[in-house]
Amino acid sequence: MLGRDATVTVPTSAPPDLGDLSGWAPALAQTFASLTTDIALVLDEHGVIRSVANGGSTSMLSAAQEWVGRAWADTVTGETRGKIEQMLNEVTSTGLARRREINHPSDRGNIAIAYTAMRLGTSGPLLAVGRDLSAVAAIQQRFITTQQEMERSYWRLRQDEARYRLLFQVATDAVMVVDSASLDILEANQAAAQLLDLDIAQLVGRPASFGFERHSRVAVDALLAAARSSGQPSEIRARLLGRVSATSVAATPFRADDAMRLMVRLRTMDLPGSSSDLSKTLARLVDSASDGVLITDTNGCILMANPAFLKLVNKNTEAEVKTRPLMDWVSVSDDQFAALLHEVRRLGIARRMSSKLMSSDASCSEIEVTAALLTEGDQECIGFTLHAVASSKKEFSDSKDDLRLAIDEITARIGVEPLPDLLRTAAGILQRHFITHAMARAGDNPKAAADLLGIGQDQLDLSRYEKFQSPPESF
């Protein structure tokens, strides 16, 4: 028996001496290539290839047989030459070399082969057997390609979703601009007025939470206070008075005229949760909208637009209008448009402005333009809604008839009144006619009407603003 402190030595097994097989090296190479590998090389002690056995089911070059007589290291690419030297040193010293991946150059590109090597006897030849990795590489490449396509599809979906979110937001969201100190409403758009069932003028000055039920007002006030103190957007679900479904309330801080304000957006529609359903729903709602909806940068250049706008301007694709100024189609002066952009950036909202839309086929239509500041994301941009106003042909026809009758009546006074008096009467009629139509186009905004007429507001004689009629009997 061994003592407690006795040490047992376990002899390490030396690699078997395969010298007896050295004469069979070419046959062994062919056997390995046929049964378990794709290629087998027989090399001498200097690493020179003496024979090549190809399994026949690989993508190896047909010129592999020409390697015979060449150093193994000369048949591989430069970056894997060092691996050949390591394998030769390893197999010479230990009799066996571990697996390494080697690249052979070819006219179809590099061919990757995973080699192992063994020595047949102390002074016998070396046998290197390899497995073609081309199939594995092809599978890996297909996997990478598929993964990249999935990523591209994912980002396209995300971009589409973001695009439709912005357009949907401009087209449908109720928007209020709130003073961050008092949390009172400073401005609101027409959608907010309709949602809260009040005129815009009645909304201004009220607390931002007044339209919500009692339990929700506390949450809305807390949301506004949190957005004000953190400077970060926040969103909650709250319940409006008289509504069963919850309303999404989002507050985004922004700075205007050196004062902090909050852009509050109200949305009553519950959109689907999945990205795919969301994108499809938003696309359907935006694409079917009757109003033209578009996003511009702060210079008024178009970033995106919905199909209704493309139809209004007689264009087929969004690419035809991208990067072009909105003023290419909306008939406003440079000063008017600059004032509109300034108002949006200062107040967050620009109320309806009457204008004309010129399409590419030279047709003209009456529109109402509203705008809102979009503060989401890194890029500040502006959302516009263009609502086509159905013009009454009868009204224009009546107006033309009235003007014609007035001129005929003045003409009938030739010989009764001197020419200077007739001209003064005609000038007064035309002035009233122009002021009436300018006020109609400007949405009863005297400043905008004065801009359309190219005069100062102090020069606009509003006493002449009335529906045009033929001159009174006293003329």
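The values are calculated or read from the model by the stated rules, or taken from the named source; none is laboratory data. Source: prediction; values computed, not measured. Note: ideal-geometry Cβ built from the backbone for every residue, glycine included; neighbour counts use all protein chains shown. When the accessible area is computed, the model is the full protein with side chains, heavy atoms only, and any ligands, DNA or RNA have been set aside. Shrake-Rupley method; radii C 1.70, N 1.55, O 1.52, S 1.80 Å.
Key figures for this structure:
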| quantity | calculated |
| --- | --- |
| Förster radius 30 Å - calculated FRET efficiency between Leu422 and Gln459 (Cβ-Cβ, nearest 0.05) | 0.80 |
| Virtual spin-label span in nm between Ala201 and Cys364, 7 Å along Cα→Cβ | 3.1 nm |
| Calculated FRET efficiency for the pair Asp334/Asp184, C-beta based, R₀ 35 Å, to 0.05 | 0.55 |
| Ranked by how many other beta carbons lie within 10 Å on average, peptides 343-352, 206-215 from highest | 343-352, 206-215 |
| Extension reserve of the Arg108-Thr92 stretch, reckoned as 0.36 nm per residue once the Cα distance is removed | 2.4 nm |
| Ordering of 425-436, 225-236 by burial proxy (mean other Cβ atoms within 10 Å per residue, highest first) | 425-436, 225-236 |
| Solvent-accessible area of Val76 with every protein chain in place, 1.4 Å probe, in Å² to the nearest 10 | 20 Å² |
| Flagged links, alpha-carbon separation over 21 Å, of Lys311/Lys356; Lys356/Lys447; Lys322/Lys447 | Lys322/Lys447 |
| Sparse-neighbourhood loop sites, trypsin sites (Lys or Arg not before Pro) in the stretch 94-130 - DSSP loop, at most 14 other Cβ within 10 angstrom | Arg108 |
| Two-site FRET efficiency, Glu66 against Ala319, from Cβ-Cβ distance with R₀ of 41 Å, rounded to 0.05 | 0.15 |
